[in-house]
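Remarks on the structure that follows.
Quick note: the coordinates plus some simple rules give every number you see, no bench work behind them. These numbers come from a predicted model, not from an experiment. Note: ideal-geometry Cβ built from the backbone for every residue, glycine included; neighbour counts use all protein chains shown.
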Amino acid sequence: MTEQTVVVVGGCGHVGLPLGIILAARTGNKIYLLDVDKTKVEQVNSGVMPFMEPGIDELLNEVIGKTAFATTSPECLREADVAITVVGTPVDKHLNPTVNALKSNVDEILEYLRDDSLLVLRSTVYPGVTKVIYDRVKQLGRNIDVAFCPERIAEGKALEELENLPQIISAFEPQALEKAKVLFEKIALKTIELSPLEAELAKLFTNCWRYLNFAISNEFYMLAETFGLDFYKIYGAVTEDYPRMKSFAKAGFAAGPCLLKDTLQLSAFANNNFFLGHSAMLVNEGLPNFIIQKMQHSMNLAERTVTILGMAFKGESDDPRESLSYKLKNLLEVYAKEVICTDPYVQDKSLVPLEEALRKADVIVLATPHKVYKEIKFAPNQTVIDCWGFFNRDDDNINPPSQAHVLELMH
Ligand SMILES: NC(=O)c1ccc[n+]([C@@H]2O[C@H](COP(=O)([O-])OP(=O)(O)OC[C@H]3O[C@@H](n4cnc5c(N)ncnc54)[C@H](O)[C@@H]3O)[C@@H](O)[C@H]2O)c1
């Protein structure tokens with residue numbers, strides 16, 4: 001196969017950039033990372049990752065300026081054999097899926113893309129969107145192949161997962177499917193073929209499945225704690241040498257830019273008859289409220305300074321998008337004397353250094369289990385709330401039971 005020119009649109013984002021770097025490093029293709037964010041484009045061209053993604057920095061420096069080029073100019077699309085778009089597909093403020101940004105992005109791409117090329121949709125889309133885009137291309141009389149090949153990596157695992165996960169590929173026409181296969185077979189473990197609607201659902205099922213699993217753990221956590229029991233003692237017992245419980249996740253904030261959003265996209269597709277999805281949302285989004293309620297049963301929050309450890313949506317990440325730490329912060333600001341937030345990786349001017357955050361705290365809530373927090377030595381008079389089961393549970397001040405609440409329940 002001769003070398004190709006591939007343009008990744010949204011190429012400096014969390015999905016586009018690792019994909020572009022791997023393609024540049026492994027395929028011999030020429031890769032353009034097209035993005036509207038000028039700052040990120042400059043960072044990438046100077047060999048700096050705009051966000052944390054373990055192992056990718058080195059690879060970026062190997063390829064940038066050689067086989068990978070970040071740019072804000074759509075002119076690069078004129079050279080493209082393949083354009084892969086992976087721009088964001090958020091839900092709106094009423095929690096409905098949005099397609100207009102993707103549609104206008106595709107219209108922009110089509111202005112430059114030449115006939116006989118391949119357009120790959122890689123964003124997570126509302127079911128049916130691939131057909132809408134395919135029809136649009138045909139309606140414009142363009143001879144461009146269209147494929148939908150969803151990204152299934154988790155942030156922080158891009159390097160490992162892009163090459164070790166199967167790639168689902170789909171298209172309406174054999175030629176488009178074949179072109180997608182040729183492209184992704186160069187980097188993925190293998191390719192799996194589905195129809196576009198099946199592939200759209202496959203991606204949403206993947207994220208919903210994960211979100212529902214976290215909800216089960218969070219529901220069990222809240223149930224056990226409501227009765228004054230240590231969830232992790234039970235968790236340890238049921239998972240020990242019992243393979244059927246291997247996939248039982250720990251409790252914790254299930255957040256970020258994808259899981260809830262994609263559960264809501266599936267729910268909209270199911271005409272809002274996706275009861276499990278809605279229940280999972282209530283459970284997962286309710287965990288910060290539960291933690292505050294638990295605190296209120298054992299202390300007068302108006303007299304306490306509360307420190308939140310971790311503002312990223314998950315451990316070892318610098319990504320604060322849709323992080324439940326911020327929901328916790330906003331709620332606590334209603335009740336607590338003071339709320340202090342810290343995170344070693346998130347860029348947010350309102351955050352304070354860890355040492356200061358710990359020194360001032362009466363109560364500490366672990367919101368994001370960054371590994372560096374393992375080293376913390378808490379003062380004996382500090383109360384620590386740890387829904388993740390992250391700290392050593394033999395310490396007396398970790399999750400002290402709320403006696404008042406337990407007594408209340410028993411009567
Ligand atoms: N973040 C994840 O872990 C993950 C995993 C799998 C799938 N996805 C899906 O991938 C998509 C992108 O997510 P993300 O987390 O990478 O988002 P992101 O915001 O990190 O990246 C999107 C990039 O697109 C750029 N962009 C926006 N409009 C553009 C345009 N018109 N032209 C060129 N560039 C443009 C933005 O500047 C940004 O850099 C979403 O559909 C998401 O659901 C995300």
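Worth pointing out:
- Dimensionless Rg over Rh [the range 120-159; C-alpha; Kirkwood]: 1.12
- Beta bridges by DSSP in the range 1-156, antiparallel share as percent, to the nearest 5: 5 percent
- Spin-label zone in the range 197-221 - amide nitrogen under 18 Å from a point set 7 Å from the Cα of residue 282 along the C-beta vector: 211-221
- Within the same chain, aspartates and glutamates fewer than 8 places from residue 179 are excluded, and of the rest, those with a Cα less than 20 Å from its Cα are 3, 79, 81, 115, 116, 135, 145, 151, 163, 193, 198, 200.
- A simple count of charges around residue 113, restricted to other residues whose Cβ falls under 14 Å of its Cβ and scoring Lys, Arg +1 and Asp, Glu -1, yields -4.
- Relative intensity, log₁₀ I(q)/I(0), of the range 198-326 from a Debye sum that treats every alpha carbon as a point, q = 0.10, 0.11, 0.15 Å⁻¹: -0.38, -0.46, -0.83
- Principal axis extents of the Cα atoms in the range 33-123, from largest to smallest and rounded to whole angstrom, are 38, 36, 20.
- The mean of 1/r over all pairs of different alpha-carbon atoms in the chain, once inverted, gives a Kirkwood hydrodynamic radius of 23.1 Å.
- Across the range 5-194, Cα-Cα pairs more than 24 Å apart make up 33 percent of the total.
- Over the range 216-268: Kirkwood hydrodynamic radius from C-alpha pairwise inverse distances, Å: 12.8 Å
- Within the range 258-302: backbone nitrogen closer than 20 Å to the residue 99 label point (7 Å, Cα to C-beta): 261-274
- Kirkwood Rh in Å, taken over all unlike Cα pairs in the range 129-182: 12.6 Å
- In the structure shown, the pairs 246/329; 203/349; 327/374; 40/186; 40/360 are assessed against 29 Å; a Cα-Cα span above that value is assigned to 246/329; 203/349; 40/360.
- Each semi-axis of the equivalent ellipsoid for the range 87-236 is √(5λ) with λ an eigenvalue of the Cα gyration tensor; in descending order they amount to 37, 19, 12 Å.
- Highest to lowest packing among 14-23, 117-126, scored as the average C-beta count within 10 Å: 14-23, 117-126
- Separation of alpha-carbon centers, the range 192-261 and the range 372-386, rounded to whole Å: 26 Å
- Percent of beta bridges antiparallel (DSSP, the chain, rounded to nearest 5): 5 percent
- Highest average packing first - 30-38, 55-63, Cβ atoms within 10 Å: 30-38, 55-63
- Positive-end residue, the range 5-194 charge dipole about Cα centroid, Cβ charges, pick of 72, 48, 128: 128
- Note on 290, 313, 51: ascending count of other Cβ atoms within 10 Å places them as 290, 51, 313, the fewest first.
- Listing 42, 111 from fewest to most neighbouring C-beta atoms within 10 Å gives 111, 42.
- Calculated translational diffusion coefficient of the range 227-410 (10 °C, 1.306 mPa s; Stokes-Einstein with Kirkwood radius over alpha-carbon pairs) equals 90 µm²/s.
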